[in-house]
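Here the structure comes first, spelled out in C-alpha cells, and everything after it is commentary.
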Amino acid sequence: MQNTLLSNFNVSLRAAKNLGTFSTTCMQGDALKVFNQYAALNAVDSAAYPEMTHITSQCGEFLLSLFNADERGNYHYFPTSGSSEAVFVSLLLMKHHWQLKNKNIEKPNIILSPTAHVAFHVAAKSLDIDINLLDYKDTIDVTAIHNYINKNTMALICSMGNTITLQMEEVEKVNALLGRHFKNTGDFIPIHVDAASGGFVAPFFYPQLIWDFRLEHVQAINVSSHKFGLVYPSLGWLCIHNDYYLSDLSHENSYLGKKIKRTVVQFSQPASQLAAQHYNIHTLGFSGYQNIVHELFSKVSLLSEAFKKMDFFNLVTPSSQPAVPGIIFTFKDNKQDKMIELSRYLNQRYWHLPTFELAHLGNKTAARIIVRNGLSEQLIDELVLDINAFLHPSTQIIKKS
Ligand SMILES: Cc1ncc(COP(=O)(O)O)c(C=O)c1O
C-alpha cells in the first residue's frame, strides 16, 4: 500500500498556507506542549481524569462571562466537537422546548439567512424543522424578518461572522424586532447566535456591539474553540439558557466508574483541545486574546492596502460592517475565470485559495483569505509577491533574467 502521509514540514506548511480555513493552524510553545501531553486522554472519562471536569467548567465559565451571562447559574454550557454539533444540540433542545410550550404537533420552523452555515440545514433536516429562508443579502435583512415569522417559528438564527462575507449581523436590531413581536402577540421567539468564528473576536475587537446574553431574546450561542479560540480542531461549545435545557434529553451511564450525564451527541471527547483551551484562557486571559485579535486586524489592514494597491480587485470585506478578520475579494473586471486561474496558480506555490460565488453580487466569483493567528507578515509579503507575479507575468520574466 502506498504511503500517502506527507512529511511534517509539508503538513505544517500547507496548513499555514491554507488561506481559506477558519481553523487554528498554528499552536506553539507551552500551549502545544499541553495539547500533546493530553493527547492520550479521553475527557469524558472524568472518573480516571478528574481534572477534566474542572478544566471544562473553567472554560465554560470563561465563555459565559465573555458572552455577558450575568446570572451564570441561569445557563448551561456543553463542550462539543465543534460548532456544527453545538448547533444540532441547540436546535434539538429548542424544538423540544417549543413543542412542550406550545403543545403543538405542527412542524416548527427557524428563520435563517442564506449566508448561514450549512450546519443549520443539516440540523434542521435531521430534526424535521422547516427553514424560512430570507432573501439573499450580505447579512440578515432585519426589515424583512416580520414577513417570515408565523405561529410555528421556534427560533431565529443570527451570525456573528457568516461564512460567505465574514460580516456580523445586527443582532441588537433583530432583538428589538422580536421584542415588538412579543409585545404584540405574546409569542417569545428566541435567537440562537452562531458565533462560531465571531465569539472569540467580537468581545475583543467590537466591545461596543451588543449581540450576546445581554439581549433578552438571545438564548443560545455557539462558538468554535478551534477557530479564534486558538486551539487545533476539534472543539466547540454551546451556551444555552436553562429554560431550554431538558434533562430528559440527556443520557446517563456509569460504566466509566462514575455517573456521567451527557446532552451532546458525541460520547468520547479528546482532552487535548479542552486542556489547550484552558491553558490559553489562563495564560492569555481577556487582554491576551484582545492583543492577538487586534494584531489580526492590523494584518487585515496590511493585506487590504496591498490588494487596493494592486488595483485588480474589489474588496467585499472589510467594509463598514463589523466582520471577522479576513478579506473577501472579487476581480474588478468581473472575469470569473481569472479568480479560478489565480487560485490554481497559487496552488502550485502551496497556497490554498478557496473560490465561491456571491449570490448577492450576481454570482460573481469571490475568494476568501482568513487572517488567522499564524498568518505572519512574512507569509503575507510572500502571498502578495505571488499574486503580483500572477497579475504581471511579463514583469516577473524581466526580473528573473
Ligand atoms: C459561521 C459558521 N458557523 C458554523 C461553522 C461550523 O463550525 P465547526 O467547523 O466548528 O463545526 C462554521 C465553520 O466554518 C462557520 O464559519
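The values are calculated or read from the model by the stated rules, or taken from the named source; none is laboratory data. Small disclaimer: the values here were computed from a predicted structure and weren't measured. No Cβ is skipped: glycine too gets one built from the backbone with ideal geometry, and neighbour counts run over all protein chains shown. All accessible areas refer to the heavy atoms of the entire protein, side chains included, with ligands and DNA or RNA removed. Shrake-Rupley method; radii C 1.70, N 1.55, O 1.52, S 1.80 Å.
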Do the conditions hold for D45, that is, is it over 30 Å from L166 (Cα atoms), of a type in the set (D, E, K, R), open to solvent by less than 60 Å² (accessible area, probe 1.4 Å) and in contact (Cβ under 8 Å) with a residue 12 or more places away in the chain?
yes
Quick check on F35: is it of a type in the set (F, W, Y), more than 16 Å from the ligand (Cβ to nearest atom), open to solvent by less than 50 Å² (accessible area, probe 1.4 Å) and more than 20 Å from Q219 (Cβ to Cβ)? yes
Filter the range 237-255 for residues that are farther than 22 Å from D70 by Cα and among the charged types (D, E, K, R); the one that is surrounded by the most Cβ atoms within 10 Å (Cβ to Cβ) is E252
- Could you tell me whether E85 is out of contact with any His (no Cβ under 9 Å at 6 or more places or on another chain) and not in a helix (DSSP H, G or I)? no
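Per-residue answers, yes or no, for (1) open to solvent by less than 40 Å² (accessible area, probe 1.4 Å); (2) out of contact with any Pro (no Cβ under 9 Å at 6 or more places or on another chain):
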residue	(1), (2)
N132	yes, yes
Y136	no, no
T143	no, yes
M154	yes, no
C158	yes, yes
A176	no, yes
If we keep only residues of the range 61-92 that are hydroxyl-bearing (S, T, Y), away from the ligand (no atom under 14 Å from the Cβ) and open to solvent by 40 Å² or more (accessible area, probe 1.4 Å), then the residue nearest to K261 (Cα to Cα) is Y77
Restricted to the range 92-140 and to residues being in contact (Cβ under 8 Å) with a residue 40 or more places away in the chain and of a type in the set (D, E, K, R), the residue farthest from V174 (Cα to Cα) is E106
Query raised in the report: Are any of the residues in the range 302-316 of a type in the set (G, A, S) and more than 17 Å from S225 (Cα to Cα)?
Result: yes
Checked against (1) under 30 Å from G29 (Cβ atoms); (2) surrounded by 19 or more Cβ atoms within 10 Å (Cβ to Cβ); (3) of a type outside the set (K, R), L284 satisfies every condition except (2)
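Each row is one residue, and each column tells you yes or no for (1) of a type outside the set (A, V, I, L, M, F, W, C); (2) away from the ligand (no atom under 16 Å from the Cβ); (3) open to solvent by less than 10 Å² (accessible area, probe 1.4 Å).
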position	(1), (2), (3)
G198	yes, no, yes
F213	no, yes, no
I221	no, no, yes
S224	yes, no, yes
L235	no, no, yes
K259	yes, yes, no
Worksheet item: Going by the structure shown, is L375 more than 30 Å from D141 (Cβ to Cβ), of a type in the set (A, V, I, L, M, F, W, C) and crowded, with 16+ Cβ neighbours inside 10 Å?
Response: yes
On the basis of being at pLDDT 95 or above, aliphatic (A, V, I, L, M), in a helix (DSSP H, G or I) and open to solvent by 70 Å² or more (accessible area, probe 1.4 Å), does L385 make the cut? yes
Residue pairs qualifying under the 8 Å Cβ cut-off, at least six apart or on distinct chains, with the first in the range 141-163 being farther than 17 Å from A196 by Cβ and the second being among the hydroxyl-bearing types (S, T, Y) and outside any helix (DSSP H, G or I), are D141/S113
Condition set among the polar types (S, T, N, Q) and under 23 Å from G374 (Cα atoms), scope the range 304-358, selection most open to solvent (accessible area, probe 1.4 Å): answer is Q348
With criteria (1) more than 27 Å from T165 (Cα to Cα); (2) modelled with pLDDT of 95 or more, F312 comes up short on (1)
Listed by first then second residue, the pairs whose first member lies in the range 194-210 and is farther than 14 Å from V171 by Cβ and at pLDDT 95 or above, whose partner is outside any loop (DSSP other than H, G, I, E, B) and open to solvent by 10 Å² or more (accessible area, probe 1.4 Å), with beta carbons under 7 Å and at least 6 positions apart or on separate chains, are A196/S83; F204/Q290; F205/H294; F205/F297
Q167 vs (1) within 30 Å of T330 (Cα to Cα); (2) open to solvent by 20 Å² or more (accessible area, probe 1.4 Å): all pass except (2)
Residue count, the range 287-323, condition assigned to a loop (DSSP other than H, G, I, E, B) and either under 15 Å from A367 (Cα atoms) or of a type in the set (K, R) (or both), comes to 2
